[in-house]
Amino acid sequence: MNIARIFFIVVALLLSYVTAQAQELRRILYGVSTSISHLPVWVGKDAGLFAKNGLNIEPVQIRGGAVSTMAIMSGQSVLSGVGAGSVVLAG
């Protein structure tokens, strides 16, 4: 009785096996400046740490808070480490 039950469960699990399909990674633009505080973003990109964790982060040089605010408000950039105060005020 127990062997038949286990056999039935194993067969049911094998028949319901579904393969997962990989999605293409969405490109995420991250605004950075020439400041040393943005070095971890560049290191993560060059070392492949973002790709390893399923992220496609693309660092983009941005000059200041106003340009960063315009990029985020227009949807061109999702994240930015430049001029966070002006982005918060604009939101």
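Taking Cβ atoms as reference points and 13 Å as the exclusive limit, the residues near residue 51 contribute a net charge of +1, counting Lys and Arg as +1 and Asp and Glu as -1.
Near residue 62, the amide H atoms lying under 5 Å from its own belong to 32, 33; only residues 5 or more places off or on other chains count, and H is placed 1.01 Å from N. Rounded to the nearest Hz, the phi-derived 3J(HN,Hα) couplings of region 33-42 under the Karplus curve 6.51 cos²θ - 1.76 cosθ + 1.60 (θ = phi - 60°) are 10, 7, 5, 5, 5, 9, 4, x, 5, 5, where x marks glycine and proline.
Coordinate-derived values only; no laboratory data. Because the structure is predicted, anything quoted here is derived from the model rather than measured. Please note: Cβ atoms are built from the backbone with ideal geometry, for glycine as well, and neighbour counts cover all protein chains shown.
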